[in-house]
1. Would you tally the residues in segment 242-264 being touching a Phe, Trp or Tyr at 6+ places or on another chain (Cβ under 8 Å) and modelled with pLDDT of 95 or more?
2. Does I396 meet the test of being at pLDDT 95 or above and under 18 Å from V223 (Cβ atoms)?
3. Among all residue pairs at least 6 apart or on different chains, which show Cβ distances below 8 Å where the first residue, located in segment 145-166, is outside any helix (DSSP H, G or I) and the second is of a type in the set (D, E) and at pLDDT 70 or above?
4. Of the residues that sit in segment 399-430 and are among the aromatic types (F, W, Y) and in contact with a Leu (Cβ under 8 Å, 6 or more places away or on another chain), which one is modelled with the highest pLDDT?
5. Could you list, in sequence order, the residues of segment 204-249 that are part of a loop (DSSP other than H, G, I, E, B) and surrounded by 16 or more Cβ atoms within 10 Å (Cβ to Cβ)?
6. Quick check, is I407 among the β-branched types (V, I, T) and either part of a loop (DSSP other than H, G, I, E, B) or touching a helix residue (DSSP H, G or I) at 6+ places or on another chain (Cβ under 6 Å) (or both)?
7. Any chance segment 415-423 includes a residue that's surrounded by fewer than 19 Cβ atoms within 10 Å (Cβ to Cβ), in contact (Cβ under 8 Å) with a residue 12 or more places away in the chain and part of a loop (DSSP other than H, G, I, E, B)?
8. Given (1) in the same structural domain as C316 (by TED's automatic domain parsing); (2) surrounded by 15 or more Cβ atoms within 10 Å (Cβ to Cβ); (3) of a type in the set (K, R), where does K255 come up short, assuming only one miss?
Amino acid sequence: MSVEILMPELGESVHEGTVSRWLKKEGEFVKEDEPVVEIMTDKVNTELPSPASGILTKILIPEGGQIEVFKAMGVIEPAGSAAATASAPAAPAPAAAAPVADPVAASSAPAAASTESDNGRKFFTPVVRSMAKQNNISDDQLATIAGTGEGGRVTKKDIEGFLAGGSPVAVKPAAPVAASVAATPAPAPKPVAPIVAGPDQEIVPLVGLRKMIADAMVRSSQVPTVSTVTQVDVTNMVHFREKNKETFLETYGVKLTYTPFFIKALTETLAEYPLVNSSLTGDNQIIKSKGIHIGIAVALGAKGDEGLIVPVIRDCHKKTLIEIARDLEDIAKKARSNKLSVEDVKGGTFTLTNPGTYGALFGTPMINAPQAGILGTYSIQKMPVIVDDMIAIRSIAHLVLTYDHRIIDGLLAGKFLAAVRDRLQKFDFFK
């Protein structure tokens, strides 16, 4: 019996991924739980294990192709079966069967494969499933809705039409559609002129992790955001680190950087203002999180030009500054060595980015949708400031809060940012 290699759900709000690399070729034997394909999403890179032992007879999604959650990427047949035996010689000569194929049958076959699973039940996308659940539409009712999407797939608009009409959408007969298509063939698309690199240029395709990041940024850009800025006097924090970094490393086995202090101050402030620790769903539901799970933006590559990933330190509200420092070092190492698991990147409720570590003085960070906010911490500079009507040299940094203005107003954002600033200036984390 054939077994499909399905795209799993690799985190919240992840509906698709990219097949970055096949670890086996068609016709090769694969053991159950042996890595067979590498998948990339905007959250994580991971190798998927084979669901069964046998021969990889079909690769349905090639390297670089997009794959939706719960859809098949490949097929495994038991070793010794007729399909497995035929897979090796059949692979190099696919053109022989093409001339005898019925064009109508050929066009209808992918539709059936894309909308129905092996047991004959229709496949519905996560968005459709979510809408059906929210509106108490049963699987039996879903099956009566005629899909207008590719291959007859039920779309969001189909669900909206069903809800507006209160009754199943009538199924249109397939024959007239096929006849009309045959009678009025679509005009051939105009060829796109290939992009040619100049003498001092190189063309690099936007694929893999870079493509995933680009898609995530486009989604985040749709959120109406505002950025609010404040300065913070971190002189006490700088003095403490300079005096204790060697002892801290000897005692706890971890380097003492400034980032754990920012995370600790941020965590305590998120507990005070829980709305900032929330997210807004696509159907206008606000999810308030009791736990504080902070994502940390980590640049990849020796030069920081190989992408960006946001692993999560979970339950920050339950951890000491020392525990946060250990977790921070651990996830940064795992991120840079490409060893993050799905659990390491899921469930974040707020994000911290620290461009100050590479000298950035000021910026407005991009929100990590659907989270309500992101805090940017920037370079620490010695500056002359007024203290008690006298000029003093103090260590000053900028804090920038970017927030979803649909659920967070300027007053709340200002109070939140001021509270983070005050905690850093008081610097009583060890009392």
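1. Residues of segment 242-264 that are touching a Phe, Trp or Tyr at 6+ places or on another chain (Cβ under 8 Å), as a first pass: 254-256, 261, 264.
Remaining after also requiring modelled with pLDDT of 95 or more: 261, 264.
Selection size over segment 242-264: 2.
2. no
3. Here the result reads I145/D158; A146/D158; G147/D158; T148/D158; G149/D158, each pair linking segment 145-166 to a residue that is of a type in the set (D, E) and at pLDDT 70 or above.
4. F416
5. Initial filter on segment 204-249 (part of a loop (DSSP other than H, G, I, E, B)): 204-207, 222-224, 234.
Scanning segment 204-249 gives V223, V234.
6. Details: among the β-branched types (V, I, T): yes; either part of a loop (DSSP other than H, G, I, E, B) or touching a helix residue (DSSP H, G or I) at 6+ places or on another chain (Cβ under 6 Å) (or both): yes.
Yes; evaluated as a whole, the condition is true for this residue.
7. Within segment 415-423, not a single residue is surrounded by fewer than 19 Cβ atoms within 10 Å (Cβ to Cβ), in contact (Cβ under 8 Å) with a residue 12 or more places away in the chain and part of a loop (DSSP other than H, G, I, E, B).
8. (2)
The values are calculated or read from the model by the stated rules, or taken from the named source; none is laboratory data. Everything numeric here is computed off the predicted structure, so don't read it as measured data. Don't worry about glycine lacking a Cβ; one is built from the backbone with ideal geometry, like all the others, and counts go over all protein chains shown.
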